[in-house]
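Remarks on the structure that follows.
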Amino acid sequence: MQFGIFTVGDVTTDPTTGRTPTEHERIKAILTIAKHAEDVGLDVFATGEHHNPPFIPSSPTTLLGYVAAQTERIILSTSTTLITTNDPVKIAEDYAFLQHVAQGRVDLMLGRGNHGPVYPWFGQDPRQGLPLTIENYQLLRKLWDEEQVDWEGRFRSPLQGFTATPRPLDGVAPFVWHGSIRTPQVAELAAFYGDGFFANHIFWPKEHFQQLIGLYRQRFEHHGHGSADQAIVGLGGQVFMRKNSQDAVNEFRPYFDNAPVYGHGPSLEEFTEATPLTVGSPQEVIDKTLTFTESFGHYQRQLFLMDHAGLPLKTVLEQLDLLGGEVVPVLRKELAMNRPAHVPDGPTHAARVEANGGPVDLTPKFAVDPMSGSAIPR
């Protein structure tokens with residue numbers, strides 16, 4: 001079981017002080033948070049990808065590459081890589097390069113995004129979101145799995161004898177999660193390829209996500225990747241903690257009420273009743289998180305949103321201290337006790353290389369003639 005945090009990278013006014021951080025301050029804070037996540041013993045740090053205010057993580061590989069240089073152990077991931085508006089060639093090369101930089105500590109989560117206007121900014125039609133998702137992912141897989149790719153589709157220029165560089169580290173491409181909050185076709189795509197499925201589990205009641213995860217597990221088994229309970233599932237969530245539960249509620253309420261993700265809607269009490277949001281003591285976070293397996297089965301990765309809504313950096317770091325020091329150790333122990341032996345662990349590069357029979361050097365054995373464009377032996 002892997003535990004970690006994800007950021008949406010919002011630049012939000014602190015409702016208790018009226019101060020808004022600069023973009024520079026927010027970027028530096030995210031870097032500090034990522035490093036502290038490793039320091040407190042978490043397994044994963046993930047960042048979203050956004051191209052519109054008030055969000056700033058427009059270049060996840062730049063952010064994660066810097067964090068890779070500052071850390072040694074933590075898995076570096078995205079909590080959304082936009083499969084619809086990014087060129088699959090660029091995704092293939094960027095994340096394979098990041099693999100080499102981070103010694104394999106990389107995976108990514110593909111998603112369509114939930115901001116329609118981003119599509120025309122990158123020359124795409126939002127009405128084609130699902131066809132783009134499917135076609136772009138088919139190409140991305142070929143670019144990682146095949147040395148020379150011939151391709152022709154609807155949404156980009158054809159490729160002839162193209163080789164994405166660098167090739168995936170040790171012959172194993174980054175592990176892919178497919179993230180969705182509402183789209184069964186994405187669950188089917190993840191199941192077809194035997195990839196992971198991540199339900200961001202912070203907006204809607206559990207019954208909604210039970211349907212999506214249930215479909216993914218069923219189709220994972222149908223496509224021959226293992227039994228339904230061996231499917232690779234990740235969940236999002238959000239917590240805010242203080243030693244005293246009422247102190248947590250009082251402190252977090254103004255941030256919740258003004259949050260760009262879900263503020264100005266249901267009350268804090270209504271939201272905590274209907275969704276995984278937990279505001280209270282560390283024990284309350286433990287108790288609620290332990291119920292997730294009852295709803296979704298045994299799963300591989302739990303990520304928490306900890307740093308949005310204008311929370312000061314000092315407060316976020318305190319939250320991470322509580323999460324890593326008091327919550328995650330108990331969750332690891334309790335969730336491991338009843339976990340069947342045949343349920344796989346969370347994906348890591350080392351384990352996937354071992355399952356592949358050991359490291360393989362995929363460095364191309366040819367070069368490209370700059371005049372003709374044709375392949376020639378090295």
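Listed values, structure above:
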| item | result |
| --- | --- |
| Filter result (open to solvent by 90 Å² or more (accessible area, probe 1.4 Å), out of contact with any Asp or Glu (no Cβ under 7 Å at 6 or more places or on another chain) and among the charged types (D, E, K, R)) within the range 143-157 | ASP145, ASP150, GLU152 |
| Residue in the range 117-136 that is closer than 24 Å to THR85 by Cβ, in contact (Cβ under 8 Å) with a residue 12 or more places away in the chain and among the hydroxyl-bearing types (Ser, Thr, Tyr) present | yes |
| Candidate set: the range 314-334, residues that are over 13 Å from ILE5 (Cβ atoms) and under 21 Å from the mean Cα position of the chain (by Cα); chosen: the one most open to solvent (accessible area, probe 1.4 Å) | ARG332 |
| Selection count where residues are in contact (Cβ under 8 Å) with a residue 40 or more places away in the chain and either open to solvent by less than 80 Å² (accessible area, probe 1.4 Å) or in contact with an Asp or Glu (Cβ under 9 Å, 6 or more places away or on another chain) (or both), scope the range 204-225 | 5 |
| Single condition VAL279 does not satisfy, out of (1) touching a Ser or Thr at 6+ places or on another chain (Cβ under 7 Å); (2) open to solvent by less than 10 Å² (accessible area, probe 1.4 Å); (3) not acidic (Asp, Glu) | (2) |
| Hits in the range 40-64 - residues which are touching a residue at least 60 places away in the same chain (Cβ under 8 Å) and farther than 16 Å from VAL118 by Cβ | VAL40, GLY41, LEU42, ASP43, VAL44, ALA46 |
| Answer from GLU318, GLU284, GLU269, GLU251 - the residue that is at pLDDT below 95 and of a type in the set (Asp, Glu) | GLU269 |
| Of all residues in the range 40-60 being farther than 16 Å from ARG301 by Cβ and among the β-branched types (Val, Ile, Thr), the one that is modelled with the lowest pLDDT | ILE56 |
| Some residue of the range 104-115 being free of Cβ contacts under 8 Å to residues at least 60 places away in the same chain and either in contact with a helix residue (DSSP H, G or I) (Cβ under 8 Å, 6 or more places away or on another chain) or surrounded by 17 or more Cβ atoms within 10 Å (Cβ to Cβ) (or both) | no |
| Failed item in (1) open to solvent by less than 30 Å² (accessible area, probe 1.4 Å); (2) in contact (Cβ under 8 Å) with a residue 60 or more places away in the chain, with PRO166 passing the rest | (1) |
| Selection from the range 228-242 of residues that are open to solvent by 40 Å² or more (accessible area, probe 1.4 Å) and either farther than 17 Å from VAL316 by Cβ or touching a Lys or Arg at 6+ places or on another chain (Cβ under 8 Å) (or both) | ASP229, GLN230 |
| Scope the range 176-211; condition modelled with pLDDT of 95 or more, outside any helix (DSSP H, G or I) and out of contact with any His (no Cβ under 8 Å at 6 or more places or on another chain); matching residues | VAL176, TRP177, HIS178 |
| Among residues of the range 178-230, those that are within 25 Å of ASN136 (Cα to Cα) and among the polar types (S, T, N, Q), counted | 5 |
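The values are calculated or read from the model by the stated rules, or taken from the named source; none is laboratory data. None of these values were measured; they are calculated from a predicted model. Virtual Cβ from ideal backbone geometry, glycine too; neighbours counted across all protein chains shown. Accessible surface is based on the protein model in full, side chains and every heavy atom, while ligands, DNA and RNA are left aside. Shrake-Rupley method; radii C 1.70, N 1.55, O 1.52, S 1.80 Å.
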